[in-house]
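Asks: Dropping the structure in here first, questions after.
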Amino acid sequence: MNRPRVIVVDDHGPLLEQVQQLLAPEFNVVGVLTDGDSAIEAVVRLAPDVLVLDLSMPGLSGIELARWARNLKLDLKIVILTVHEDQDLARESFDAGASGYVVKSRIVSDLTAALHEVLAGRSYLSPSIHLDS
């Protein structure tokens, strides 16, 4: 069975280690990067199934990368991983092409669930955020 391929982009080293440990049992983490600019080359070269992106990082932001992937119609899912419990940023992320929005304070309970949901073609929003209609 092939495990889904994941690239994680975040500028916080200890968090990257935690994400790798969380995902390792169920996913193949093929790339770990610390800035948005390096993500473009990695996506093209490594062809991940899922891209986990910090919202705020050096270079391109998670939202800018989500728009880039959407505009190129790349066959990959995007999950935003952020400290921002903000419904406006969550809505902007989904509008840009993300399928998931996970708050870092809920990483242990939400991240793998989010990846499973987006890979199944659904969206995921950390329960601590509510989008008004």
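The values are calculated or read from the model by the stated rules, or taken from the named source; none is laboratory data. Everything numeric here is computed off the predicted structure, so don't read it as measured data. Don't worry about glycine lacking a Cβ; one is built from the backbone with ideal geometry, like all the others, and counts go over all protein chains shown.
Asks: In the range 6-28, which residues are in a strand (DSSP E or B) and within 12 Å of the chain's Cα centre (by Cα)?
Replies: Val6, Ile7, Val8, Val9
Asks: Separate question: Could you please find all residues in the range 70-81 being surrounded by fewer than 22 Cβ atoms within 10 Å (Cβ to Cβ) and either at pLDDT below 90 or not hydrophobic (A, V, I, L, M, F, W, C) (or both)?
Replies: The answer is Arg70, Asn71, Leu72, Lys73, Leu74, Asp75.
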